[in-house]
Amino acid sequence: MGVSGALAVVPLPTDRLDELLELCREHAAYERAEFREDGQVDRWRAALDADVPALHAWAALDGDRMCGFMTATTDFATWSARRFAYLDCLYLRAEHRGRGFGRMFFDRLVAFAHEQGCGWLEWQTPVDNATGIGFYEHLGARSRAKQRFTYEVEGREAR
């Protein structure tokens, strides 16, 4: 698949969520992670279209071809009592890396953080994502060592 169109990062149109699903499959494979399809498209649509969106999403376009995506949320930090933006996912197809999309995504994320009244950005990346880590460090981001835990509450009774 060639790369030859005009490059752009735009808000993700909700009529292209099936393409987002395909990109999520690819992203999970790239990170060697499990991806279970269980109705995400409908939940994404509801989250993106809510009066106060639970999710914000952008698409990387090469011409009209979607070749990547970025999603973010906002959160509130207890210690600083300030809002921050959380970069949930960022993925570009391999043939589109190194063409400026990463910087375009990051610039859009910074603008989003300002629009939302956020004081900083946070995200995580796999420890073996040397390319991504190098890019983030080049931007001036700092890493903080922590472990991320998950605990499934769905299907468990509250105590």
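The values are calculated or read from the model by the stated rules, or taken from the named source; none is laboratory data. Every value quoted in this text rests on a predicted model; they were computed, and no experiment measured them. Ideal geometry is used to build each Cβ from the backbone, glycine not excepted, and the neighbour counts take in all protein chains shown.
Looking only at residues in region 3-43 that are in a helix (DSSP H, G or I) and of a type in the set (S, T, Y), which one is modelled with the highest pLDDT? Only one residue tops the list, namely T14.
For D64, the criteria (1) within 13 Å of E19 (Cα to Cα); (2) buried (at least 20 other Cβ atoms within 10 Å of the Cβ) hold in every case but one, which is (2). The residue list Y91, Y86 contains one member that is in contact (Cβ under 8 Å) with a residue 60 or more places away in the chain, in contact with an Asp or Glu (Cβ under 8 Å, 6 or more places away or on another chain) and within 24 Å of E137 (Cβ to Cβ), which is Y91.
Please count how many residues of region 119-151 are of a type outside the set (F, W, Y) and part of a helix (DSSP H, G or I). Counting residues in region 119-151 that are of a type outside the set (F, W, Y) and part of a helix (DSSP H, G or I) gives 8.
Taking region 64-118 as the range and being farther than 18 Å from E31 by Cβ and assigned to a loop (DSSP other than H, G, I, E, B) as the test, the residues that pass are D64, T78, W79, S80, A81, G98, R99, G100, Q116, G117, C118. The residues listed here are A72, A8; of these, the one that is closer than 24 Å to L139 by Cβ, touching a strand residue (DSSP E or B) at 6+ places or on another chain (Cβ under 7 Å) and either polar (S, T, N, Q) or surrounded by 16 or more Cβ atoms within 10 Å (Cβ to Cβ) (or both) is A72.
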